[in-house]
Amino acid sequence: MNILLDTHVVIWWYEDPQFLRKEARQFIEDRTNSLYLSSAVLWEISIKRSLKKIKLPDALIAKAADDLIEMPIMHQHIQELAKLPTYHNDPFDRIMVAQAKSNDFHLMTRDTQILRYDVKIIEA
């Protein structure tokens, strides 16, 4: 299964995995699944770090980038984004929804606003 991880899932997985539901941890640990890291996650973390909204070590970001398959934001994702209703105002979450939809991936998140979109979800 292909799984795109939301920003909070990446942070919890590397910083404090017990915040994730047991089933979510099992999906991440299952080596038959392919785990993807959106460029939007790296972008969001970078912005929040520079604004001092979160404190994360550089090693966490490097580890996530090494462990996970990076998914760049591509033209097909922007086209899908343009079709999305505005249930959610967060641009990072919206692009991840578009990435998951256009690639037919599951999106692992705990963001209840994302549940309104027609996207396959794994509850984090």
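List pairs: first residue in the stretch 68-90 and under 26 Å from ILE11 (Cβ atoms) and assigned to a helix (DSSP H, G or I), second residue at pLDDT 95 or above and among the polar types (S, T, N, Q) anywhere in the structure, Cβ distance under 7 angstrom, at least six positions apart or on different chains.
HIS77/GLN99; HIS77/SER102; GLU80/SER102
For the stretch 35-72, which residues satisfy the criterion of being surrounded by fewer than 16 Cβ atoms within 10 Å (Cβ to Cβ), touching a Ser or Thr at 6+ places or on another chain (Cβ under 7 Å) and of a type in the set (Asp, Glu)?
GLU70
List every residue pair whose Cβ atoms lie under 8 Å apart, where the two residues are 6 or more positions apart in sequence or sit on different chains, the first residue falls within the stretch 99-113 and is on the phi < 0 side of the Ramachandran plot and in contact (Cβ under 8 Å) with a residue 40 or more places away in the chain, and the second residue, located anywhere, is aliphatic (A, V, I, L, M) and part of a loop (DSSP other than H, G, I, E, B).
As it stands, the answer is GLN99/ILE73; ALA100/VAL119; HIS106/MET1; LEU107/VAL119; MET108/ALA124; THR109/ALA124; ARG110/ALA124, since those pairs meet every condition given.
For the stretch 12-26: of the residues being assigned to a loop (DSSP other than H, G, I, E, B) and out of contact with any helix residue (DSSP H, G or I) (no Cβ under 8 Å at 6 or more places or on another chain), which is modelled with the lowest pLDDT? Walk me through how you get there before you give the answer.
Of the stretch 12-26, the ones assigned to a loop (DSSP other than H, G, I, E, B) are 16, 20-21.
Those still in the list that are out of contact with any helix residue (DSSP H, G or I) (no Cβ under 8 Å at 6 or more places or on another chain) too: 16, 21.
Details: ASP16: 93, ARG21: 98.
Per the stated criteria, the residue is ASP16.
Of the residues that make up the stretch 46-66, is at least one modelled with pLDDT of 95 or more and farther than 21 Å from MET1 by Cα?
Initially, the stretch 46-66 is screened for residues modelled with pLDDT of 95 or more, giving none.
Checking the stretch 46-66: not a single residue is modelled with pLDDT of 95 or more and farther than 21 Å from MET1 by Cα.
The values are calculated or read from the model by the stated rules, or taken from the named source; none is laboratory data. Remember, it's a predicted structure, so these values are computed and weren't measured experimentally. Please note: Cβ atoms are built from the backbone with ideal geometry, for glycine as well, and neighbour counts cover all protein chains shown.
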